[in-house]
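The values are calculated or read from the model by the stated rules, or taken from the named source; none is laboratory data. Note that the structure is predicted; figures quoted are calculated from it, not measured. Cβ placement follows ideal geometry from the backbone for every residue including glycine, while neighbour counts extend to all protein chains displayed.
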Amino acid sequence: MNKQSSGWIITILGIWVLISAFLQFQSNAYFWIDLLDGAVIAIVGFATIPNNATIGWISGIIGLWLMVASFIGGLHIGSGLYWNNLLSGIVIAIMGLSELGQASPQAQTAT
């Protein structure tokens, strides 16, 4: 998968996590987690679109945080949001961390 498509996928999932914050208001903590994480993921994902693999690790870390936050007992508000954050976190982490393994075009031409 090329860098632009993974950047777009991260951006779209970030927007989805941001929107999902407004779908359930049962837990104030989860609302803020999804709101802030979604905004940061969308911004970072958009920044990775122009072949900027160096900030892919930020998406990976936030994706991992979404997965971990899904298991925090006090934040559980329902199975729908649990699975939404867990699956979104998995995809975001994989896409973000996969950016780290790809060398930039400048590094390839320098060798």
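Descriptive notes on the structure:
- Here the condition is being within 16 Å of the chain's Cα centre (by Cα), at pLDDT 85 or above and polar (S, T, N, Q); of Ser20, Ser88, it holds for Ser88 alone.
- Within the span defined as the range 56-68, one or more residues are modelled with pLDDT under 80 and either exposed (fewer than 15 other Cβ atoms within 10 Å of the Cβ) or in contact with a strand residue (DSSP E or B) (Cβ under 6 Å, 6 or more places away or on another chain) (or both).
- Candidate set: the range 69-85, residues that are of a type in the set (A, V, I, L, M) and at pLDDT 70 or above; chosen: the one farthest from Ile49 (Cα to Cα): Ile72
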